[in-house]
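Single-structure report; data block below.
The values are calculated or read from the model by the stated rules, or taken from the named source; none is laboratory data. What you see is a predicted model, and the numbers here were worked out from it, not measured in a lab. All Cβ positions, even for glycine, are placed from backbone atoms using ideal geometry, and neighbour counts span all protein chains on display. For the accessible areas, the whole protein counts, side chains as well, though only heavy atoms, and no ligand, DNA or RNA atoms are used. Shrake-Rupley method; radii C 1.70, N 1.55, O 1.52, S 1.80 Å.
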Amino acid sequence: MGGLRPWARYGLLVVAHLLALGLGAVVFQALEGPPALQLQTQLKAELATFQAEYGACLPPRALEELLGMALRAQAHGVSSLGNSSEASNWDLPSALLFTASILTTTGYGHMAPLSAGGKAFCVAYASLGLPASLVLVATLRHRLLPVLSCPSTWVAVRWQLAPAQAALLQAAGLGLLVASIFVLLPALVLWGLQGDCSLLEAIYFCFGSLSTIGLGDLLPSRGRGLHPAIYHLGQLALLGYLLFGLLAMLLAVETFSELPQVRAMVTFFGSSGSMTPEDQGSILGQDELSLSTLPPDAPAAGQAPAC
């Protein structure tokens, strides 16, 4: 395959991506089609039962209009379910969580601006806030990645690993650390606090939040029965979780993207022209982790370099 022209490689990559899209669609259709049909049948049965019992007391199409209004309000995070004395959706903790979902591109969909001014401000705020967030994340990544690389550097020098093995060790260690601290541990906490949430749903919510998928099926909804102060503390905790968790996820993705195997694949599908020094550099070279450049008087196997 090394003799393929660049346009043939691009075509191969596009075809592979389209096949992956089609495979995912087929799998989701097979898994989610029957439960969706079952839920639709159950909903129709419930509506038919309700109309049979109370239809004589309701004007024609009154129920459909009421349900349509409730669904439109729910799309903007407004609901009359539960205690009507609860605080507004746009109190300060809720507004902070909404802005964090914008800047982290999570987009839960549990809240949305209603007014024209709110929609215009959302566009302007995201246009200015997203680039600023990217600059902040890039700066923090530049500062934190060398620090997080110190343990893998110590192990690589102690065990005299090759640069490729050291890079794989660093990526695996950081990936396990992020998965444990920012996915598994919060999922266990959420599973313990939320009675109607399974462990799989908790893991699904944490991963969907940190990967910025934000499908909106599991939401940071208002906790009924909780004291307002406890609920607002939970919102602030979710705010910090989104900010720090997204940074950790990006660090892990950056580390995996710099693996020699990944870079070789990118080079294969990339341009056949000469690579720039920035493209040739790896995460080991950028963070001074390359073992092949150690001087002859490198520390002994039992001595770790200073980080």
Would you pick out the residues in segment 99-149 that are open to solvent by less than 70 Å² (accessible area, probe 1.4 Å), within 22 Å of G208 (Cα to Cα) and outside any helix (DSSP H, G or I)?
T104, T106, G107, Y108, G109, H110, M111, A112
Cβ pairs under 6 Å, 6+ apart or interchain, first in segment 144-168 and under 20 Å from Q261 (Cα atoms), second acidic (D, E), ordered by first then second residue, are S149/D287
Pick out the one residue from A20, A52, A45 that is at pLDDT 80 or above, under 32 Å from the mean Cα position of the chain (by Cα) and either within 28 Å of M111 (Cα to Cα) or not β-branched (V, I, T) (or both).
A20
For segment 33-68, which residues satisfy the criterion of being open to solvent by less than 100 Å² (accessible area, probe 1.4 Å) and of a type in the set (D, E, K, R)?
E64
Take A30 and tell me if it is at pLDDT 85 or above and either loosely packed, with under 10 Cβ neighbours inside 10 Å or in contact with a Ser or Thr (Cβ under 6 Å, 6 or more places away or on another chain) (or both).
yes
Hey, does segment 224-241 have a residue that's modelled with pLDDT under 75 and closer than 26 Å to Q160 by Cβ?
no
Count of residues meeting criterion [open to solvent by 40 Å² or more (accessible area, probe 1.4 Å), in a helix (DSSP H, G or I) and among the hydroxyl-bearing types (S, T, Y)] in segment 188-215:
1
Can you tell me which residue in segment 158-173 is farthest from L246 (Cα to Cα), limited to those that are part of a helix (DSSP H, G or I) and touching a Leu at 6+ places or on another chain (Cβ under 7 Å)?
P163
Specify which of the listed residues (S79, S84, S94, S88) is surrounded by 11 or more Cβ atoms within 10 Å (Cβ to Cβ), modelled with pLDDT under 80 and assigned to a loop (DSSP other than H, G, I, E, B).
S79
When you scan segment 179-187, do you find a residue that is at pLDDT below 85 and either more than 30 Å from A264 (Cα to Cα) or open to solvent by 40 Å² or more (accessible area, probe 1.4 Å) (or both), even just one?
no
